[in-house]
Amino acid sequence: MAASESSVQYDGMELLHLYHQHPSIKLRNQLVEIHQGLVRKMAYKFRHQCHEPYEDLEQIGYFGLIRAIERFNPNHGYAFSSFAIPYIRGEMLHFLRDRSTLVKIPRRWQELDNEGQKIRKELTISLGRSPKEIEIANKLHISLQEWQECKLAAQNRMPLSLDATYVNYIDNQLTLGDIIPCPRTAVLQQQEEERQILQGAMNLLEDNPRMAVELVFLKEFTRKDAGKKIGASPMTVTRYLHKGIQELICYLQPQTESGVLSAEC
């Protein structure tokens, strides 16, 4: 038996050298057949860690084995199995990751949900109607509350598409993405509204205070340069700024306070 295994290993390495020099589909298929035990061993291991069928895991594992065969260089002197196993495992992990949900729920709830769906089908056939939730819970030997929690968790772990139709009008459709506010858009909209309110309040100021505020705070002029532009001294610009700011505060107060502050303005 040991001699037979040694012969297989020798033939495999010989074929790997031959494939490395002259790759062909025929040689690759022979190498896959020789090393299929690596895939089956890994598929069996993953089968006990997930709910995916063994056959699916095995088929995915062969993609990793083929990739390993194509990239293996026998001249480096290390064993092919050590090189191939990470490729096989990687393909299976990618497969499981793609099929897994974004939200992880307790394994017990996953098992209860799967078993509950089977019981629902069996009861529908035996009762001739859709079973009540309490009947399913009783078959599972759990409380109605726990069964409802399992169902809710299973529903919420599946992501919703932003392209899913939310409201369907005769001439228009609203998707989920249309009704979810974009934080960046909301901030920009708020900034634009505030800019318009400020501009409206600025228009209520007298000419000199308005020019002083615009030059110093918006265009970042020094008070000396702003004074040259207005035709006033820096001290006068300071007074214009103080007056303009006080008036803006009055104009921008909420409507509920405007009546109280109007006398001060």
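The table that follows gives values for the structure above.
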{"item": "Net charge over other residues, Cβ less than 15 angstrom from the Cβ of K229 (K, R count +1; D, E count -1)", "result": "+1"}
{"item": "Label-point separation in nm, S233 to K132, each point 7 Å along Cα→Cβ", "result": "9.3"}
{"item": "Gain upon complete extension [R195, H48; 0.36 nm per residue less C-alpha separation]", "result": "46.8 nm"}
{"item": "Three-way shape call for the stretch 192-259 based on the alpha-carbon gyration tensor, with the a/c threshold at 1.5", "result": "prolate"}
{"item": "Burial order of peptide ranges 110-116, 38-44, 208-214, 20-26 (average beta-carbon count within 10 Å, highest first)", "result": "208-214, 38-44, 110-116, 20-26"}
{"item": "Separation of the H242 and L188 label points, Cα + 7 Å toward Cβ, nm", "result": "4.2"}
{"item": "Cα-based Kirkwood hydrodynamic radius, the stretch 45-88, one decimal, Å", "result": "11.4"}
{"item": "Cα-Cα over 25 Å, subset of K45/K151; K118/K151; K219/K243", "result": "K45/K151"}
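Taken together, the values in this text are just the output of simple stated rules run on the coordinates, not laboratory data. None of these values were measured; they are calculated from a predicted model. Glycine also receives a Cβ, built like all others from the backbone with ideal geometry; neighbour counts cover every protein chain displayed.
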